[in-house]
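To keep things clear, I will list the structure first and then write my remarks on it.
The values are calculated or read from the model by the stated rules, or taken from the named source; none is laboratory data. Please read these numbers as outputs of a predicted model, since none were measured by experiment. Note that we place each Cβ from the backbone using ideal geometry, even for glycine, and neighbour counts take in every protein chain shown. Just the protein is used for accessible areas: all its heavy atoms, side chains included, with ligands, DNA and RNA removed. Shrake-Rupley method; radii C 1.70, N 1.55, O 1.52, S 1.80 Å.
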Amino acid sequence: MKKYIFGILFLTFVSTFQAQYCNNFHRKYCYPSENEFFKYDGQSRSALFSKGQKSELTIIVYKGQDYRLSLCADENLGNNIIFKIYEVKKVKVEKVVEHKSTEDEYKTCETCNGEGYIDGETCYDCDGEGQRPTGNTVEVVTKETKVVVEKRKELLYDNSQDDFAMDIEFSATSTRKLIIEVEVPEEGGGGTSKGINDKGKGKKKLDTSEMGCIGVLIEHMPTPKSGF
Amino acid sequence: MKKQKLRALFITGTVILFSCGGDKTDNTPESDTQDSVQAEVIKQNDEQTVYYQIPSPDEMFDFIKNGGLSFKQDLLLPIENSEKYNTALQQSLIFGIYSADLAYTAAFEEYQTSLKYFGTVQKMADRLGISSAYDASTAERIKNNLENADSLVKVTGDTYFSVVDYLEQNNEETKLGAIATAGWIESMYIVLNSLENNPNSDVLQRIKDQKLTFENLYDYLQQHNHSPQVEKIITLVEPLNEFFNNIEENNDAKTTFTKKDGKFVLGGEDTVAPLSEEQTAELKDLVNNIRTKIIEENV
């Protein structure tokens, strides 16, 4: 009984710990833009990661807005956190769908072998219009071609090709659904992650070496108009 | 030895709990016909966690204010209604509506009304058991920022984001799904019922782009459809899903992501076709009906 109570208390503790540990991590530890026109975007999020784990954030960016994405992470997750930006595309593809069913096997009138008689096209003793059941069953496969919409993701940006940059700014000239994919390498190594302020922010350290929080801070502002 | 066991159990427990946070997908590489673009088909599997994020109501109001729409007090849900909802689902939905109304009043600098709606939202948070998401000094910050429009929008926005973050981190998907859905419905209700003749083309663009936002909301709800309450929300918004599914989409639109003068630009043609007047009217009717169902406790 004591073991059960301990178990329940332990899981409650773990649940509360994991729930609260990454709470508002991105607001506390990610560097906001120095440009005062950027506003916090409600699509920002933090989560607990283990080494080797990959997660996706699906967000919407609107035409006419500038966006800034920045990442911050617990120190123990290492330096080389990978983040990629994909566009979600819908592609119509034709797919052949096979339907299998079991049906009674029939013989045609020509195979009546003298049982019954044929009047024109009708084979009267063959149980129906020109066919006679054999008592066996056969598997029938019918094929149907359907047009289905498949979601694909197309790579737009990979920070491992950009010196593992932990932030990026872009102007959206069209509205798109994007996937922000974050991956912690299996062996991240020690050290301070890029994107973590060493003056006050980013000083948090998790006791367990394999897990830590990652925050994705998203900011937006109307794209500044240039020229006259 | 005991310590090692405890640590191993801790990590195992945490990983199990974390895995409840979102859906899992695997991305199987597949050849693509387009030039030099890496594409992967999105398929369900057990490899990674997926989170669907919904833009908050304040972004919509900030945008439409700049688009020339005027404030309409009569579109707000009266604060007197707040007492009559009893179930957690109804209260969460109404919390979402009041949160959007609060963002609307703040964006249009209706200071005194903002203060009243903030009080209502705070009371409802108490009833929902999520008041710990609020900073104790928030009400004070609002009072102190009554004359500063930007600060008021920021403070009211911060309270909404704190609630969303609290619910996300505590795996309260049902409440979050209800709040996000009702918040989105209320912002669409306000925008669609504020449109005058010859509305600004940017506002119409933002309305049609809600097809993508709704898809994210719908995917989030589907991800958590094991909850009977979330099932009810899905049934509630199903007519909108059918409506948006029938809106034409240009799946061949190319997307570019290029660097110009040190800054990336995400470009390409529009993927969602413009809504006709009839489609806009139909969308307005659907949104109005869903809002009526929410406030008449018919969910």
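The table below lists the values:
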read-out	value
Residue list for the range B:233-274, restricted to those being open to solvent by 80 Å² or more (accessible area, probe 1.4 Å), in a helix (DSSP H, G or I) and of a type outside the set (S, T, N, Q)	B:242
Pairs, first open to solvent by less than 10 Å² (accessible area, probe 1.4 Å) in the range B:179-190, second in a helix (DSSP H, G or I) and among the hydroxyl-bearing types (Ser, Thr, Tyr), C-beta under 6 Å, six or more apart	B:179/B:92; B:183/B:99; B:190/B:104
Number of positions in the range A:47-76 that are touching a Pro at 6+ places or on another chain (Cβ under 9 Å) and either among the aromatic types (Phe, Trp, Tyr) or assigned to a strand (DSSP E or B) (or both)	7
Selected residue (criterion: nearest to the other protein chains (Cβ to nearest Cβ)) from residues of the range A:67-80 that are open to solvent by less than 30 Å² (accessible area, probe 1.4 Å) and touching a Phe, Trp or Tyr at 6+ places or on another chain (Cβ under 7 Å)	A:67
Pair list, Cβ < 8 Å and 6+ apart or interchain, from the range B:269-297 residues that are closer than 27 Å to residue B:77 by Cα to residues that are of a type in the set (Ser, Thr, Tyr)	B:287/B:189; B:288/B:189; B:291/B:189; B:297/B:85
Filter result (open to solvent by less than 20 Å² (accessible area, probe 1.4 Å) and within 8 Å of another protein chain (Cβ to nearest Cβ)) within the range A:21-41	A:22, A:41
Output for the range A:42-60, where each listed residue is in contact (Cβ under 8 Å) with a residue 40 or more places away in the chain and facing chain B (nearest Cβ under 7 Å)	A:43, A:45, A:47, A:48, A:50, A:54, A:55, A:56, A:57, A:58, A:59, A:60
Which numbered condition residue B:230 misses (of (1) in contact with an Asp or Glu (Cβ under 8 Å, 6 or more places away or on another chain); (2) assigned to a strand (DSSP E or B); (3) β-branched (Val, Ile, Thr))	(2)
Residue count, the range A:149-165 (criterion: more than 7 Å from chain B (Cβ to nearest Cβ), more than 24 Å from residue B:248 (Cα to Cα) and open to solvent by 10 Å² or more (accessible area, probe 1.4 Å))	7
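A quick yes/no check of all residues on (1) polar (S, T, N, Q); (2) surrounded by fewer than 23 Cβ atoms within 10 Å (Cβ to Cβ); (3) without any contact (Cβ under 8 Å) to a residue 40 or more places away in the chain:
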site	(1), (2), (3)
B:56	yes, no, no
B:62	no, yes, no
B:69	no, yes, no
B:79	no, yes, no
B:90	yes, yes, no
B:97	no, no, no
B:103	no, no, no
B:109	no, yes, no
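Conditions (1) touching a His at 6+ places or on another chain (Cβ under 7 Å); (2) within 12 Å of another protein chain (Cβ to nearest Cβ); (3) more than 22 Å from residue B:187 (Cβ to Cβ), marked per residue:
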residue: B:102; (1), (2), (3): no, no, no
residue: B:111; (1), (2), (3): no, no, no
residue: B:148; (1), (2), (3): no, no, yes
residue: B:154; (1), (2), (3): no, yes, no
